[in-house]
Every structure is written in structure tokens, then in C-alpha cells.
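Below is one structure, written out as C-alpha cells; the observations come after it.
The values are calculated or read from the model by the stated rules, or taken from the named source; none is laboratory data. Just so we're clear, the structure is a prediction, and the values are computed from it rather than from any experiment. A quick note on method: Cβ atoms are made from the backbone with ideal geometry, for glycine too, and the neighbour counts reach across all protein chains shown. The area values use the complete protein model at the heavy-atom level, side chains included, leaving out ligands, DNA and RNA. Shrake-Rupley method; radii C 1.70, N 1.55, O 1.52, S 1.80 Å.
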Amino acid sequence: MHAALLLLALRDPRNLIDTGYHVSLGRLHGEQGLVPYDPMNFNPGGRPNLNAPLLHMGIGALGRLLGGEGDDYVRSSALLAVAQWTAAMLTVWWFGRRLGGDRAGLLAAALACGSAYVAGSFSVGIPSGWVFVAVPWAVHFFLQRSLGAAAAVTAASVYLHLGGYVTAPLGVAAAAALTRRWRDLVKVGIAVAVLTAPYTIHLLRHHEWYIGDRGHVARSPVTLVSIVGAAGLAWAARHPRRNAFLVAWAAAAVPWLFFHPTRFVLQSALGAAVTGALLVDHLLARVPRAGLRAAITAAVVAVATLRPLGASSLSSERAWLAGFDYPRELDWREVRAAATALQAAGLAERLLEAYSPSWGSALGAYVPLRQVRGHWVEVRPEPDPADFLPVAATVHIVPVPPGDPLLGELAGAGLLQVHGGTPRLAIVTFPEPAAPAAAATMAAAALAREARWLSEHASNNTRPDFAVPDPLAALAQARRVLRAQQVRAGRLLVAWLAYLNALERLDAESARPLGRVSYAFGTVACFLGDEWAAGMMDDARHRRLRENLGRLATAAEALASDPLPSKPFLSGLARLFEQYFWAA
């Protein structure tokens, strides 16, 4: 049932915001072969491409076979995502059945497939999912003394994701420690080192680009498979050598708990599904009556499928096909429309700054992208040259419709030009204003007005409550609220860009340290309105945001008498972003 629903959804597959970056990089691989340097992100200048290449090579090769156009690479990524889900679920079923029999295989598959959070983390096809699929096979081959296969799978996991350097190798090392097979571990380690040497040398040559800081991530949901799996692991760990495979599989995921807890909870659930299923199967074996065992098994499968603590995959997959498309993190129709508008305006070759660099990365599937900032912020130049670019040097994509009144007002005053866009996004450029002081004052008034509105009306972007009689109506209402406040936040960004553009002509010294503020305002617009950002910020941070926007509005109103930024205005900006993004 799950597979059929996922195949039907290929017409409009679910994506993560990360998908745009992976598809764009996949197209680059498809057109150029190996891509040692990323020309799409963190311009001017780009950056070394330190991303593991295997998935992107797959997207590129399949995309070219399908036709080599933008939609073909999008379709290629969607097909490989279904392939990843299939590989993950078959892996869980195979090991459950191998270790416990048919009933354990059934239970393991039901636990893994049932949770929309767990199964969904594989059906979107991100690189880390393949790493978690590879781990049990690497450990299995090692324990079966198929050392060549163990080395090949471990090396493949490295070429799939940077996390592969620790995940599968740690699983193999744990298996070696539990079985005292140190000589075999050395052989596998040497083979993996040789096989991954080209990528390792590339990383070492450019290691200074790896900053390591990540963006904000939503909190990890607790699922039924997590709870059952933890109990199963505790049961298996009583005899670690006898259960070396299960213990090593679990140990391999531990580093993810520290550098990406969400993926630890969701994607380590493959191993949890197997250990949990084996524990349940062990308990069921003690039930004397076959009919009762069958009934309990059916009940566990039903609970895992329909009530897995949180959204069930079955309901989520059916709802998506029925038009309940939440969360829609990335809409390829909108990306395609924006790319078409950029080309029609003759702006596709220029430096681009999107309000959301992660969203902007998706444009590379359709146009030769050169954006400032970018996706995968762990690898970026320090300092970022985008912080020192003048506003007029880039084309801006802002989350405001092209016909918005503020855009019309500022365009009428000669402070910006609108070049079309999509119903949600406008493509704008900022020419040199005729009267910088007057332009700064006018833009500051708009800045104050939009900051004031947000301080009084903005609501936190959290997952709506869909446990209501008409969830489609609830979704439509939630989107109206998010869209209204994102337009206001987008206007805040536009007003800031117009103000900074004027300030750069009026007093370059005052404007110089303010370049990164544009990025910060764009991120606020993401967190207040984009569905991928739901749950990123807690209520305390949101409350501080509203309070500080009110203070900023007051400070911006004072710019009417003197457009140069005052100390209260600058300190208000610093407080706004510090307390929203970083303060505990």
C-alpha cells in the first residue's frame, strides 16, 4: 500500500527544502561529470564542492537519460527517493526476517513503514538516508567475513554523505570489537581508506572551508518505533556478543545524536524497528495459543500502521494524494515559474540573492545559478563576500507578490524595479536613487510601518492542529495567516534593502557593516511564513521577536528626521537578531 501511494505521488512528490540544492548539484554533475567546485552557491567566487558526490552523480546520470532538462532532473531525484524508501524498507524486512523469522520481518516492516516521520525521512531521498541503509549491510558483510563487500559498502556510504566517514565505519568497528576480529577490521579499514582516498584528499585540500555551523532544525518527534526500538536494544544489549549485529548497528548511529539529533531519531529508526520487532516476536513466542499470537501480531501491525505515535504514513500519503499537501517545503512549479521569469527579464546570468538561499538553490535545476550565500552553510567562505556587496550588485527575490502596494510605491519613487515573479515572489533590482537622503527617509518609514505591524500581529509558525472536522479548511486558514505575515516580513526586507541602497550612497561608512542584515531579515521571513520552517522557533523566541520589532519600529521612525542610523537603531537591530536566532 505504501509503495503504491508513493508511486502515485511521483506526479507531485513531497520534497524537503534541501531537495532543491541536491537536484541543482545533480544537474551540474549530469552536465559536467565530477564537480570539484560549486559555482552556484556563495558567490562571487563560489566554493569547493565538499559534498559527497554519489547521490548527485546518480541524479545527474538518470536526469540526462530522462531528457536533460530541468524537470527531468527533478523527476530523477523523485525516482531515486522512492528507490531509497524501497531499499530502506526491504532492508528492515530482510534483517527482521533473517534474525527472527516471518513474523519478526512483518513486525519490523510495519514499524518502519508506519510512522510518517520515519518512513518520510527516507521517501524524500536525502543523502543521509542512504547512509543509514548502508550501515546494516556493511556490518552484516563484515560479520559474514565478506570483507570485500563490507569495504565496498562502507566506502559507498562515505561517497554518499560526510557522515559516512563515521557511521558505517563505527558500525564495522563495533562489530569487530564485539567479535574480537581486529585483523579483519584492519583489512577493511585499509581497503576503505584506499577506495575513499580521492574524496578524502579533496576534503583535506579544502578543509578550511568547512565551518561546521548548521542552521536551525526542528525538534525531533518521538515515535512508536523509537520507544519499542529502545526497549529492544536494551533487551539485545544484555548479550552483546551474541547480538553483535544489532548492537553494532545501533552504535553506528550514535554520532548523529550529537551533530543532527533529528536524523538520529528518524533514520536510526531502521535499526530500532528490527530490534523492537525481535523483542515483540520474542514475547509473542511465549504466548501458548497460535490464534492469540496471530491476533496480537495483527493488533501490533495495526497500531504501528494506523496509530504510530504521531502522523501515520498511510494517512499522510493518502492525504497528500487527496490535496492535503502539508508541509509543502518546496514547490517545483513555483521554482520553474521564477526561473522562467528570470530568463524572460534577462537576469538569469546575474548574481542572485533570494530571501531564502535554500529555496534559491533550487533555481539551479532550471537556470545557470550564481547566488550569493547558499545552501549547506557548513561549507562557506569566512568572511562571506556577500556581506560586502552593495544592494544594487544583485538581483533580489523577495516573498512579496509583484503587484504589492509597497513595491508599487517604491518603484514609483525610483527606488526599485520589479521584473515579474510568481504569485508569491517578486524579482526586484535596486537602481541608484536620485535623492539618497529622501529615499532613505521614505524607505525607513516603510521599515517602521512593517516592523510595527509584525510586532502587533505576527503569530509563531508552528504545525497547525488538523484534528478538526474539516482539516482542509484548517490548512487553508493556516496558510492565509502565514502568507499574510510573510508578506509583511517580505515588505520589511524590501524596505530594508531600499534603505540600505540609499544609505550606501549617502554614507558608505555607515552602510558598510550592515550587509548581513538583509540575510537576517530574509531568514525572519522564512521562519514566519515558510512551511519547512514550522516548529523552528519556540514561543519564547517568537515573543522576543515581536517585542524587539516594536522597539525597532520606534527607532526606525526617528530616521525621518535624520536618515543616518542612530545608536538606538543599530542596537535594536543587533538585539532583534541575537535574541531571535541565538539567545537561549
Result of the Cβ filter at 8 Å on the stretch 229-249, keeping first residues that are small (Gly, Ala, Ser) and partners that are in a loop (DSSP other than H, G, I, E, B), at least 6 apart or interchain, is Ala236/Asn243; Ala237/Asn243
Here the residues within the stretch 427-455 that are crowded, with 18+ Cβ neighbours inside 10 Å, more than 32 Å from the chain's Cα centre (by Cα) and not in a helix (DSSP H, G or I) are Pro433
Only one of (1) over 21 Å from the mean Cα position of the chain (by Cα); (2) among the charged types (D, E, K, R); (3) closer than 23 Å to Glu504 by Cβ does not apply to Asp404, and that is (3)
Within the stretch 296-309, restricting to residues that are open to solvent by less than 50 Å² (accessible area, probe 1.4 Å) and under 30 Å from the mean Cα position of the chain (by Cα), the one that is farthest from Ala110 (Cα to Cα) is Pro308
Flagged pairs (Cβ under 7 angstrom, 6 or more apart or on separate chains; first in the stretch 437-464, among the charged types (D, E, K, R); second buried (at least 19 other Cβ atoms within 10 Å of the Cβ) and in a helix (DSSP H, G or I)) are Glu450/Arg488; Glu450/Arg491; Glu450/Leu492; Glu450/Ala495; Arg452/Ala553
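Is it the case, given these coordinates, that Ala83 is buried (at least 24 other Cβ atoms within 10 Å of the Cβ) and at pLDDT 95 or above?
Working: buried (at least 24 other Cβ atoms within 10 Å of the Cβ): no; at pLDDT 95 or above: yes.
So Ala83 does not fit the description; no.
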Conditions (1) part of a loop (DSSP other than H, G, I, E, B); (2) surrounded by fewer than 22 Cβ atoms within 10 Å (Cβ to Cβ); (3) modelled with pLDDT of 95 or more -> Leu62 fails only (1)
Residues in the stretch 99-125 that are under 26 Å from the mean Cα position of the chain (by Cα) and outside any helix (DSSP H, G or I) total 3
Listed by first then second residue, the pairs whose first member lies in the stretch 268-280 and is farther than 19 Å from Trp85 by Cα and assigned to a helix (DSSP H, G or I), whose partner is open to solvent by 10 Å² or more (accessible area, probe 1.4 Å) and not hydrophobic (A, V, I, L, M, F, W, C), with beta carbons under 6 Å and at least 6 positions apart or on separate chains, are Leu278/Gly100
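Here's the yes/no breakdown for (1) farther than 13 Å from Val82 by Cα; (2) crowded, with 23+ Cβ neighbours inside 10 Å:
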{"residue": "Ala4", "(1), (2)": "no, no"}
{"residue": "Arg27", "(1), (2)": "yes, yes"}
{"residue": "Gly58", "(1), (2)": "yes, no"}
{"residue": "Gly68", "(1), (2)": "yes, no"}
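Please work out which residue is farthest from Pro127 (Cα to Cα), limiting yourself to the stretch 149-188 and to residues that are small (Gly, Ala, Ser) and in contact with a Ser or Thr (Cβ under 9 Å, 6 or more places away or on another chain). Explain how you work it out, then say what you get.
First, the residues of the stretch 149-188 that are small (Gly, Ala, Ser): 149-152, 155-157, 163-164, 168, 171, 173-177.
If we keep only those that are in contact with a Ser or Thr (Cβ under 9 Å, 6 or more places away or on another chain) too, we end up with 155, 157, 163-164, 168, 171.
Working: Ala155: 14, Ser157: 9, Gly163: 10, Gly164: 10, Ala168: 14, Gly171: 18 Å.
Top of the filtered list is Gly171.
Hand me the list of helices (runs of 4 or more DSSP H) wholly inside the stretch 483-559 holding 2 or more residues that are among the aromatic types (Phe, Trp, Tyr).
On the way: elements: 508-511, 515-529, 539-557.
In the stretch 483-559, the matching helices (runs of 4 or more DSSP H) lie at 515-529.
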Note on Arg424: of the conditions (1) more than 28 Å from Asp331 (Cβ to Cβ); (2) in a loop (DSSP other than H, G, I, E, B), unmet is (1)
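Looking only at the stretch 127-139, decide whether some residue is under 22 Å from Arg328 (Cβ atoms) and in contact with a Ser or Thr (Cβ under 6 Å, 6 or more places away or on another chain).
Going through the stretch 127-139, the residues under 22 Å from Arg328 (Cβ atoms) turn out to be 127-129.
Still in the list and also in contact with a Ser or Thr (Cβ under 6 Å, 6 or more places away or on another chain): none.
No, that holds for no residue.
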